[in-house]
Amino acid sequence: MGLFGSVREGLRRTARQLLGRFDEISRRADAPERRSAPVDAETADALEELLIGADMGVAAAGRTVAAVTGRARRGEPLRDLVKAELLSILQGASRTAPPVGDPTVIMVVGVNGTGKTTSVAKLAYLHRAQGARPLVCAADTFRAAAVEQLEIWARRAEVEIIRGREGSDPASVVFDALAAGKARGWSPVIVDTAGRLHTRANLMQELAKIRRIAEREVPGAPHEVLLVLDATVGQNALVQAREFMAAAGVTGIVLAKLDGTAKGGIALAIAHDLGLPIRYVGVGEGIGDLVPFSAPEYVDALFENSWEGGRPASQR
Amino acid sequence: MFESLSERLQGIFRTLRGEARLSESAVESALREIRMALLEADVNFRVTKAFIDRVRERAVGQDVLRSLTPGQHVVRIVRDELIALFGDAPGGLRAAKSTPHVVLLVGLQGAGKTTAAARLARWMARRGRHPLLVSTDVRRPAAIEQLGVLGRQAGIRVFDPAGEADPVARASRAIAEARTLGFDAVIVDTAGRLHVDSALMGELQAIRDAVHPDDALYVADAMTGQDAIRSAGEFNRHIGVTGVILTKLDGDARGGAALSVVAVVGVPIAFVGVGERLDDLEAFQADRLVSRLLGMGDVLSLIERAEHVVDRDEAARLERKLRADDFTLEDFLAQLKTLRKLGPLEQVLAMLPGMGRLKDLAGASPDERQLNAVEAMINSMTPGERRSYRIIDGSRRRRIARGSGTAVEDVNRLLRQFMQMRKMLKAVGAGGPGGGGRRRMRQAAAMLRGRGLGA
């Protein structure tokens, strides 16, 4: 099952509904008497609904359906075609490993309420588990009690934290954290920033400033800028991603709150339209519930069901 | 970026101008665009489908009103149908069965419940109520503290029985506290939870059964995608939701998921969160959200806000001064302050139709800091200078720049802009009492009010 077992577990809860429908669609399409026929309009329609229902967006869903319909050939199950198509979208997003620095600087950005603070703590925990000595930087000096929240999480993750006072300049907190990281050899330095709507130009400029401070203090920093998206988010996430790429130079996505409910299909749309890779997924509320993303496992998890046996469970 | 639906439709119908009837093929291509726009706004796939069928039924073969282009006509049908879908139940709270009025806030993590709690308290306080806030979120680190801070900022009492870690007890003790101290409302904030988490849903039911809420509001993020229906539906099934608070509408999210929730779950929208400040919560009005959904701006809200902050006597005085060619830097400053009272400039601009695209132009986004600098410069002038800008010579400019922390070039630019503005205003005001300028303004306002279609 691997690391992604927990994702699969999380997805399974509601994926069932989705998959049940997909089973129905592909069963119809793959029925022996229709195998040699191309994907019909009804099937294409149902498939489109399925993908849009997973927040994949009209454009990406449309192109996927078109690609699958065009490629449908005799004997090839629809399910495999769809999986292959989604996988190629995800793998099309650039996947070079982020550079490391001394210290490595990771900025975490996003709109309000997506799970940035929690993701920062989980990411620190993940690095510590891999033997690094991470430092978290509480640069969300805006939201009431955000610093306290991260402090409690940092204790759970057993990592060091540099904090600023509420209302102080976030860039100065980042400066302090980088100085501390350099002096004591803590790396990576993971910076939690305040949530901001991407439409607020002045707040977006504040991110650019934090970025500049990091660049000035550590060569090559920030080495990674992660945009945290709530897995239940809709099409607005595409706009968010564009704006955060422009202001903060986002290099990857963290898909938070993937447990239990959504499919996070927007990640496919973002990979498709913007070429941004998904780096991590949040799959639960525990400190260890953030795992590196793996495209094949994600697509497998999305489509894993009782089909393996050849027939849906309900018919066994 | 999303193109506004009305613009798209204008494009389709540009070639059809002058047609007296909506032909089937024209309607079909319009419906394709509408479908796309709704799906991009995260309206549920099935809701979209059903909706399109309804619009088709109404649109085909209809006579086009003389005052409208075919495109506008279809948008009007879409608009009417959307408003009908939302229903005309007014937003806000329901009538309380007893005192205190108990409001329970529920929802997923990160939807904005805690902020909504403080804002709702402010909304009630503005209406003469005395709400008490209480957090039952013992799970998220520092959540209780966050509500405490927000309560202090909002000037609202927060009940926080130290050491009480049982959510149900926290809530029921708050009700008792409110009765003792004479608060007439209690707003209960709860921990964010997934709708599939049955243990936490049980906890929520226990809180509900302990406090008997008059309103159980589901807090939903305007940016939510297609899953909104399922989670709202589950909360409704477990708790009995009476209304929705739609948060983060101050971004550029269209809020289409809200439409799905209303259509599928059958729960009305009670409030919308429209900004970052604690007063930025408004009772829901269907026509405004629909305008937004269609990308038509929110001119009505802007007019309403302007009516709040603009002093009529002051406006009349300014107009007299304009005609007497007597507009000074002091008046300019007063106007600037009025404009800023409307809210952050970006937010004000976002309400204007077509302004969505302004952001795409480099450097066109408004900078509050520039306005600060202008205020500082005018404040650094002597009363004499403010009244007659002509006396401001080189040495005075240098002094003003020093006094306001700006450069001489900034002062020059301000004075140049001020002179241009005077010239412009003179041209507008030249028509005399009730003259062309005023009439034009009135016409513009009427246009915005009456037919925002395709604006």
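Determine, yes or no, whether residue B:206 is away from chain A (no Cβ under 13 Å), small (Gly, Ala, Ser) and closer than 30 Å to residue A:231 by Cα. Spelling it out, residue B:206 is indeed away from chain A (no Cβ under 13 Å), small (Gly, Ala, Ser) and closer than 30 Å to residue A:231 by Cα.
Can you pull out the residues in region A:163-192 that are under 21 Å from residue A:228 (Cα atoms), without any contact (Cβ under 8 Å) to a residue 40 or more places away in the chain and more than 14 Å from chain B (Cβ to nearest Cβ)? Result: A:173, single match.
Taken over region A:177-219, the residue count meeting the criterion of being in a loop (DSSP other than H, G, I, E, B), closer than 25 Å to residue A:153 by Cα and hydrophobic (A, V, I, L, M, F, W, C) is 3. If you go through region A:242-267 and keep only what is more than 12 Å from chain B (Cβ to nearest Cβ) and within 22 Å of residue B:44 (Cα to Cα), you end up with just A:255. For region A:223-240, the set of residues classified as surrounded by 24 or more Cβ atoms within 10 Å (Cβ to Cβ) and modelled with pLDDT under 95 consists of A:229, A:230, A:231, A:232, A:233, A:234, A:235, A:236, A:237, A:240, listed by residue number. Checked against (1) farther than 24 Å from residue B:232 by Cβ; (2) surrounded by 15 or more Cβ atoms within 10 Å (Cβ to Cβ), residue B:128 meets all criteria but (2).
Checking the stated criteria, residue A:213 turns out not to satisfy the condition of being within 21 Å of residue A:118 (Cα to Cα), touching a residue at least 40 places away in the same chain (Cβ under 8 Å), of a type in the set (A, V, I, L, M, F, W, C) and more than 10 Å from chain B (Cβ to nearest Cβ). Can you name the number of the only condition in (1) farther than 13 Å from residue B:191 by Cα; (2) in contact with a Leu (Cβ under 9 Å, 6 or more places away or on another chain) that residue B:141 fails? That leaves (1) as the condition not met. Candidates B:105, B:132: the one that is among the aliphatic types (A, V, I, L, M), within 23 Å of residue B:169 (Cβ to Cβ) and free of Cβ contacts under 8 Å to residues at least 60 places away in the same chain is B:132.
Within the set A:115, A:110, A:131, the sole residue that is at positive phi and surrounded by fewer than 23 Cβ atoms within 10 Å (Cβ to Cβ) turns out to be A:131. For region A:223-239, filtering for residues that are more than 8 Å from chain B (Cβ to nearest Cβ) and in a helix (DSSP H, G or I) leaves 1.
If I filter region A:260-271 for residues that are within 20 Å of residue B:195 (Cα to Cα) and surrounded by fewer than 24 Cβ atoms within 10 Å (Cβ to Cβ), do I get at least one hit? Yes, region A:260-271 has at least one match. So for region B:90-112 (the condition being within 14 Å of another protein chain (Cβ to nearest Cβ) and in a helix (DSSP H, G or I)), does at least one residue qualify? No: zero hits. There is at least one residue in region B:359-367 that is assigned to a helix (DSSP H, G or I) and either at pLDDT 65 or above or within 30 Å of residue B:292 (Cβ to Cβ) (or both).
List the helices (runs of 4 or more DSSP H) that sit entirely inside region A:78-158 and contain at least 3 residues that are in contact (Cβ under 8 Å) with a residue 60 or more places away in the chain and over 28 Å from residue A:274 (Cβ atoms).
Because the criterion is at least 3 residues that are in contact (Cβ under 8 Å) with a residue 60 or more places away in the chain and over 28 Å from residue A:274 (Cβ atoms), the helices (runs of 4 or more DSSP H) in region A:78-158 that meet it are A:146-157.
Every listed requirement among (1) buried (at least 24 other Cβ atoms within 10 Å of the Cβ); (2) within 14 Å of chain B (Cβ to nearest Cβ) is met by residue A:123 save one, (2). Residues in region B:25-46 that are more than 24 Å from residue A:239 (Cβ to Cβ) and surrounded by fewer than 19 Cβ atoms within 10 Å (Cβ to Cβ): B:25, B:28, B:29, B:46.
Mind checking whether some residue in region A:170-177 is of a type in the set (S, T, N, Q) and either crowded, with 23+ Cβ neighbours inside 10 Å or at pLDDT 90 or above (or both)?
Checked against the condition, which is being of a type in the set (S, T, N, Q) and either crowded, with 23+ Cβ neighbours inside 10 Å or at pLDDT 90 or above (or both), region A:170-177 yields at least one hit.
The set of residues in region B:131-151 that are facing another protein chain (nearest Cβ under 7 Å) and either among the small types (Gly, Ala, Ser) or on the phi > 0 side of the Ramachandran plot (or both) contains only B:142. Residues that are over 20 Å from residue B:242 (Cβ atoms) and outside any helix (DSSP H, G or I) within region B:113-130 comprise B:128, B:130, listed in sequence order.
Highlighted here are the helices (runs of 4 or more DSSP H) found entirely within region B:260-326 that include at least 3 residues which are modelled with pLDDT under 65 and among the charged types (D, E, K, R): B:299-309.
Being of a type in the set (Asp, Glu) and facing chain A (nearest Cβ under 10 Å) narrows it down to one of B:214, B:252, B:189, so name that one.
Values: B:214 fails: facing chain A (nearest Cβ under 10 Å); B:189 fails: facing chain A (nearest Cβ under 10 Å).
Being of a type in the set (Asp, Glu) and facing chain A (nearest Cβ under 10 Å) holds for just one of B:214, B:252, B:189, which is B:252.
The values are calculated or read from the model by the stated rules, or taken from the named source; none is laboratory data. Every value quoted in this text rests on a predicted model; they were computed, and no experiment measured them. Cβ sites come from the backbone with ideal geometry, for glycine too, and all protein chains shown count toward neighbours.
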